[in-house]
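Just below is one structure, and these are the notes that go with it.
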């Protein structure tokens, strides 16, 4: 922090004060929130102050003196305080003189055993340290240590995002950040507003347009597949139907359509219709992919859904996955975040972890 502070000349100091009330230290703390960074100079913290009753007053307050006060009270020596701050003996003496004038107190007095702090100085010591730590906190970037972090990070998603991205990634995240808590929120029509307000850190989202001030990073391109029971009549054909023939045969069976949030309503994702299939019947419309296994059961129902969800749901062996033709629709699946957390180290680490996880599991 030393190079961030600047030693000023005598004309930058506090003027005309013979005795200053204890509120000076409070005003120093207030000055933290009125700091500014000049484009060509180090950080200097100044503020205009109201004159006290009586003759004279304070026109400006230099927060550089806070460092001098802290060093002086810790070392109990003008010489050692200057050495700690990288200032010459004359420069340190001028700063200490300004402090004594401003505070109306000698701060250190000589005794047979050396210099000792005055009662006023002893009272100021913890306040000076607290105020100085606060100044440093304003300008120092906070880091993120996943190994020790106990932070809660909130992610908005549908159950597809949990199946395809967050669930698999959570295993690696749990190893790297054992005390980190992931809080999953359902995707709703208010999710983007909640992200703007800071209630949600990250969301998993398809390739729909985003409002200004949002960032997005593609995780993968996804395609669709058909999910049906393992001994479904379509799986027994040899050779297996493909291409347009498969689409027409799928259309002849009762269809389960997943629905997706669109504003305040859920709309069916009718993949067969988008592929130009002949008339088909949607027997069920459900908001959750995870319900597919129970709803398909031993029936002849089929469901067209994103391939990663289909592969997950078929892992038990009771259901089978059939690849759709190359003409089947695809979409980009992304992670999105608002500009307010763009430089947040914890959210940045989470974004990187999700990207690495999806790359490791790329088909």
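The values are calculated or read from the model by the stated rules, or taken from the named source; none is laboratory data. All of these numbers come straight from a predicted model, not from anything done at the bench. We place every Cβ from the backbone using ideal geometry, glycine too, and count neighbours over all the protein chains shown.
Within the range 265-363, considering only strands (runs of 3 or more DSSP E) that don't extend past its boundaries, which have at least 3 residues that are more than 15 Å from residue 219 (Cα to Cα)?
The qualifying strands (runs of 3 or more DSSP E) are 265-268, 282-286, 302-306, 319-323.
Of all the residues that make up the range 132-156, how many are crowded, with 20+ Cβ neighbours inside 10 Å and either modelled with pLDDT of 95 or more or under 16 Å from residue 352 (Cα atoms) (or both)?
Counting residues in the range 132-156 that are crowded, with 20+ Cβ neighbours inside 10 Å and either modelled with pLDDT of 95 or more or under 16 Å from residue 352 (Cα atoms) (or both) gives 3.
Restricting attention to the range 70-94, which residues are in contact (Cβ under 8 Å) with a residue 24 or more places away in the chain, under 22 Å from residue 136 (Cα atoms) and more than 41 Å from the chain's Cα centre (by Cα)?
Residue satisfying the conditions is 92 alone.
Among residues belonging to the range 198-247 that are assigned to a strand (DSSP E or B) and loosely packed, with under 14 Cβ neighbours inside 10 Å, point out the one that is farthest from the chain's Cα centre (by Cα). If you could, list the steps in order and put the result at the bottom.
Of the residues in the range 198-247, the ones assigned to a strand (DSSP E or B) are 202-205, 214-229.
Next, from what is left, pick out any that are loosely packed, with under 14 Cβ neighbours inside 10 Å: 217-218, 221.
Values: 217: 15, 218: 18, 221: 25 Å.
Per the criteria, the residue is 221.
Taking residue 129, is it within 30 Å of residue 349 (Cα to Cα), touching a helix residue (DSSP H, G or I) at 6+ places or on another chain (Cβ under 9 Å), modelled with pLDDT under 90 and not in a strand (DSSP E or B)?
Values: within 30 Å of residue 349 (Cα to Cα): no; touching a helix residue (DSSP H, G or I) at 6+ places or on another chain (Cβ under 9 Å): yes; modelled with pLDDT under 90: yes; not in a strand (DSSP E or B): yes.
Considered against the rule, which asks whether it is within 30 Å of residue 349 (Cα to Cα), touching a helix residue (DSSP H, G or I) at 6+ places or on another chain (Cβ under 9 Å), modelled with pLDDT under 90 and not in a strand (DSSP E or B), residue 129 comes out as no.
Could you list all residues from the range 95-120 that are farther than 14 Å from residue 67 by Cα, touching a residue at least 24 places away in the same chain (Cβ under 8 Å) and in a helix (DSSP H, G or I)?
101, 102, 103
Checking the structure you have, find out if any residue of the range 123-134 is in the same structural domain as residue 80 (by TED's automatic domain parsing), under 18 Å from residue 75 (Cβ atoms) and in contact with a strand residue (DSSP E or B) (Cβ under 9 Å, 6 or more places away or on another chain).
The answer is yes, given that some residue of the range 123-134 is in the same structural domain as residue 80 (by TED's automatic domain parsing), under 18 Å from residue 75 (Cβ atoms) and in contact with a strand residue (DSSP E or B) (Cβ under 9 Å, 6 or more places away or on another chain).
When you go through (1) crowded, with 18+ Cβ neighbours inside 10 Å; (2) closer than 16 Å to residue 158 by Cβ one by one for residue 302, which number turns out not to apply?
Here residue 302 clears every test but (2).
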